[in-house]
Amino acid sequence: MLSRIGSHLPAIFFTWLTEYLQRGWDKVVVEHGLLPMLKPRFDPGFAAFGRGDYDFDNAKLKALGYELRYPAFKEGWNSSVRWYEEQGWIPPRP
């Protein structure tokens with residue numbers, strides 16, 4: 001529902017929201033001594049993406065011999081989060 005509404009909002013709303021998110025993130029960066037590498041952004045395309053139900057087929061890659069490093073999404077996600085923590089881009093999880 002919100003993603004449908006979001007795609008009809010004026011561009012200025014997304015500019016305001018992005019600036020608001022950036023100010024909040026800047027506080028987190030200072031509080032945790034992070035590297036200021038990430039910049040939050042929220043735009044109409046992101047709102048539209050939330051409406052989709054996406055399915056990606058990797059059968060052709062596998063047929064070429066490609067092996068997934070993380071076959072389960074959760075494993076890959078956790079590995080990515082750990083990497084961002086180790087680089088000092090996000091605060092460590094409690």
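So for the stretch 68-75 (the condition being of a type in the set (Lys, Arg) and within 28 Å of Gln22 (Cβ to Cβ)), does at least one residue qualify?
No, because not a single residue in the stretch 68-75 is of a type in the set (Lys, Arg) and within 28 Å of Gln22 (Cβ to Cβ).
With the requirement that a residue be open to solvent by 100 Å² or more (accessible area, probe 1.4 Å) and either in a helix (DSSP H, G or I) or closer than 26 Å to Phe13 by Cα (or both), what does the stretch 55-74 give you?
Lys60, Lys62, Phe73, Lys74
Quick check: is even one residue across the stretch 41-48 over 30 Å from Pro10 (Cβ atoms), free of Cβ contacts under 8 Å to residues at least 60 places away in the same chain and in a loop (DSSP other than H, G, I, E, B)?
Keep residues of the stretch 41-48 that are over 30 Å from Pro10 (Cβ atoms), which gives none.
There is no residue in the stretch 41-48 that is over 30 Å from Pro10 (Cβ atoms), free of Cβ contacts under 8 Å to residues at least 60 places away in the same chain and in a loop (DSSP other than H, G, I, E, B).
Just to be sure I understand, how many residues within the stretch 76-94 are open to solvent by 100 Å² or more (accessible area, probe 1.4 Å) and not in a loop (DSSP other than H, G, I, E, B)?
Narrowing the stretch 76-94 to residues open to solvent by 100 Å² or more (accessible area, probe 1.4 Å): 77, 82-83, 86, 93-94.
Applying the additional criterion that residues be not in a loop (DSSP other than H, G, I, E, B) yields 77, 82-83, 86.
Going through the stretch 76-94 one residue at a time, the tally reaches 4.
Considering each residue of the stretch 1-35, count those that are part of a loop (DSSP other than H, G, I, E, B), surrounded by fewer than 12 Cβ atoms within 10 Å (Cβ to Cβ), at pLDDT 85 or above and not small (Gly, Ala, Ser), and give that number. It would help to see each step written out before you state the result.
Start the filter on the stretch 1-35 by keeping residues that are part of a loop (DSSP other than H, G, I, E, B), which leaves 1, 7-10, 33-35.
Of the ones still in play, those that are also surrounded by fewer than 12 Cβ atoms within 10 Å (Cβ to Cβ) are 1, 8, 10, 33, 35.
After this cut, where a residue has to be at pLDDT 85 or above as well, the list is 10, 33, 35.
Adding the requirement that they be not small (Gly, Ala, Ser) leaves 10, 35.
Of the residues in the stretch 1-35, 2 are part of a loop (DSSP other than H, G, I, E, B), surrounded by fewer than 12 Cβ atoms within 10 Å (Cβ to Cβ), at pLDDT 85 or above and not small (Gly, Ala, Ser).
For Gly52, which of the numbered conditions (1) open to solvent by 100 Å² or more (accessible area, probe 1.4 Å); (2) farther than 22 Å from Lys39 by Cα fails to hold?
Only one criterion in (1) open to solvent by 100 Å² or more (accessible area, probe 1.4 Å); (2) farther than 22 Å from Lys39 by Cα is unmet by Gly52, namely (1).
The values are calculated or read from the model by the stated rules, or taken from the named source; none is laboratory data. A quick note: this is a predicted structure, and the numbers were derived from the prediction, not measured. No Cβ is skipped: glycine too gets one built from the backbone with ideal geometry, and neighbour counts run over all protein chains shown. Protein only, heavy atoms only, side chains kept; ligands, DNA and RNA dropped before computing areas. Shrake-Rupley method; radii C 1.70, N 1.55, O 1.52, S 1.80 Å.
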